[in-house]
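Read-outs: derived from the displayed coordinates by stated rules, not from any lab. As the structure is a computational prediction, the values presented were derived from the model and not from experiment. Ideal geometry is used to build each Cβ from the backbone, glycine not excepted, and the neighbour counts take in all protein chains shown.
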Amino acid sequence: MDASKVTLMEQFIEKCKANPSILSYPSLSSFREYIESLGGKIPTSASEAGSYKAKSRTFDESDEDLDDIEEEVHPKHEEEEEPEIIESDIELDETDVVEPDNEPPQKMGDPSIEVTEENRDASQEAKIQAMEAISEGKLEEAIEHLTKAILLNPTSAIMYGTRATVYIKMRKPNAAVRDANAALEVVTCF
């Protein structure tokens, strides 16, 4: 861990020791939950936090002195200090980020049509041609063959899924999502 961050953490711990009511800030709820998950006890309010200070002292005081202690425990004009926001020095590597494609939607088949055995065979042949094109790195050609296969057999979720895979390789996420959704619709309809 970065030494400057360790120093900041140590400073925060010292502030919490001096004023445990800091831990009641809403922005520190996850930190409170973490401490409690380890068996730690968090004061529920500033008054409870202050009572820890008062209990830790041994004294024989007059009423005036008790008023001074009450002022110390419950300051009247003390403003709560907001934790310092520290900018992260983490830089995001966006080299693999895929920008959305804005092309018109690809052709989809009509899953309500009756698929003949002849169309199934022709669809399988188009899929075989698409697989050959994929292996040769001809992704546009593969898309054409898979589109033909889908139009011949729009009830095949595998065809939509295969075309979605090619769209992913082409870095066209919107088209891939449309095909994945079509594949799911085909599966849930039958």
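Could you work out how far apart the two model spin labels at residue 6 and residue 41 are, taking each label as a point 7 Å from the Cα in the direction of the beta carbon, and quote it in nm?
Modelled inter-label distance: 3.1 nm.
Taking the Cα-to-Cβ direction at residue 132 and at residue 32 and moving 7 Å from each Cα, how far apart do the two end points lie in nm?
According to this spin-label approximation, the distance is 6.9 nm.
Listing 97, 166 from the residue with the fewest other Cβ atoms within 10 Å to the one with the most, what is the order? Don't jump to the answer; show the numbers that get you there.
On the way: 97 8, 166 22.
Listed from fewest to most nearby Cβ atoms, that is 97, 166.
How much length, in nm to one decimal, is gained on full extension between residue 102 and residue 177, taken as 0.36 nm per residue of separation minus their Cα-Cα distance?
25.7 nm
Can you give me the P(r) profile for the range 117-189? Cα pairs, bins 5 angstrom wide beginning at 0, each as a whole percent.
Over the range 117-189, the share of Cα pairs per 5 Å bin runs 3, 21, 28, 25, 17, 5, 1 percent.
Tell me, 160, 25 in order of fewest to most beta-carbon neighbours within 10 Å?
Lowest count first: 25, 160.
Consider a paramagnetic label point 7 Å from the Cα of residue 170 along Cα→Cβ; state which residues of the range 93-134 have an amide N under 14 Å from it.
Those under the cut-off are 101-108, 130-131, 133-134.
Give, as ranges by residue number, the residues of the range 86-118 whose backbone N falls under 16 Å from the point 7 Å along Cα→Cβ of residue 140.
It comes to 103-104, nothing else.
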